[in-house]
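Student: One structure, pasted below without further comment.
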Amino acid sequence: MTSKVVSLREAVARHVPDGASIALGCALEPAIPFAFAHELIRQRRMGLELIGPISDIAFDQLIGAGCVARVSAAWVGNVSAGLAHAYRRAMEQGVPRRIEVRDHSNFSIAQALLAGALGAPYLPTRTLLGSDIPRANGTFREATDPFSGERVLLIPAITPDVAVIAVQRADEDGNAHLWGPWGVTQEAALAAKSVLVLADEIVERAVIASDPNRTIVPGTKVTAVVRQPGACHPSPLQGRYRRDHEFFHEYHNATRSLAGFEAWIAEWVTGVADRDAYLRKLGARWEALRESGKPAFEVRF
């Protein structure tokens, strides 16, 4: 079988065109593939739709860089610090461009991705009835349950063009192990037309096969595998590196103004060639975040 392992630059160039809908950060606060978001900015992708429950400041950076046309999400912000300044500028001032937002709750975005994974056109729910979210979203439909006669809300399926997931390890076919909370990562991967896996390490097929219950996505769904240590910084990847709390606060303070945002992107994204250069720039700070040794729960037969 031909290996699917490529560089991050090649994965984005081949598989993420302008206008693509992309699910990322679906494990919520951990395992956010910031390296992928930064490569989208370097390659100047435009007209993207971002999909996910939250992706912390990854969404904010892509919005501020002008890459985004639409967001389908439960929340956009900076979990540690509060507001997402680039998102707010886009919504309030149209800077650098106006974006469309389809509001979700964490539950409804999960339902939409689950419907996509199941091949269903929609899933019904009673939650959100009476709230403002259906109006703000614009794609939900009220209906009558044919069994009970009660009102329900129909959540249409979301089938992203690409789902991007970050994991601790994968084999060269794309079978991937993710430790820690999954969130709706599996639903997003199964719903998507293609999947890109960013793995902290590439291991032999036998290692993945030795612990199949931890396999979050089968290789048959995966288009490309990228070996990219540190792909999630400043978010954590369980057992590999911790969350860089201060980095989120530094970003928050630096990006209050448009000029500050542009300077931050120039320093941390377009000013470094790739993720390896980014980690070298972090230097001792990165080394201090790394977990020593292998996770205690690792299984190898």
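Student: Order of 99-111, 80-92 by packing, highest average Cβ count within 10 Å first?
Tutor: 99-111, 80-92
Student: Assuming R0 = 41 Å, can you tell me the calculated FRET efficiency for the pair Glu287 and Glu10, based on Cβ-Cβ distance, to the nearest 0.05?
Tutor: Details: r = 28 Å, r/R0 = 0.68.
Efficiency computed from Cβ-Cβ geometry: 0.90.
Student: Show me, for the stretch 204-219, the HN-Hα J-couplings you get by feeding each phi into the Karplus relation (A = 6.51, B = -1.76, C = 1.60, θ = phi - 60°), rounded to Hz, glycine and proline as x.
Tutor: For the stretch 204-219, the Karplus curve yields 5, 4, 5, 5, 5, 5, 6, 9, x, 5, 8, 7, 7, 9, x, x Hz.
Student: So, one more: Just from the alpha-carbon atoms, what are the Rg and Dmax of the stretch 75-120 in angstroms?
Tutor: For the stretch 75-120, the Cα radius of gyration and maximum Cα-Cα distance read 14.1, 39 Å.
Student: Would you calculate a helix-derived [θ] at 222 nm for the chain, using -39,500 (n - 2.57) for each DSSP H run of n ≥ 4 and dividing by the full residue count, to the nearest 500?
Tutor: That comes out to -9000 deg cm²/dmol.
Student: Now for a separate question. Could you work out Rg/(2.2 N^0.38 Å) for the chain, with Rg from alpha carbons only?
Tutor: Values: Rg = 19.1 Å, N = 301, 2.2 N^0.38 = 19.2 Å.
Working it through for the chain, the quotient is 0.99.
Student: Taking +1 at the Cβ of each Lys and Arg and -1 at the Cβ of each Asp and Glu, which of Met46, Ala35, Ser235 sits farthest along the dipole of the chain towards its positive end, judged by Cα position relative to the Cα centre?
Tutor: Selected residue: Met46.
Student: Another question, then. With an 8 Å cut-off on Cα pairs and a minimum separation of 6 or more residues, tell me the relative contact order of the chain in percent.
Tutor: 20
Student: Principal axis lengths of the stretch 145-301 from Cα atoms, whole Å, largest first?
Tutor: 58, 47, 27
Rule-based calculations on the coordinates, nothing more; no lab input. Please read all numbers here as calculations on a predicted model, not as lab measurements. FYI the Cβ positions are ideal-geometry reconstructions off the backbone, even for glycines, and counts take in every protein chain you see.
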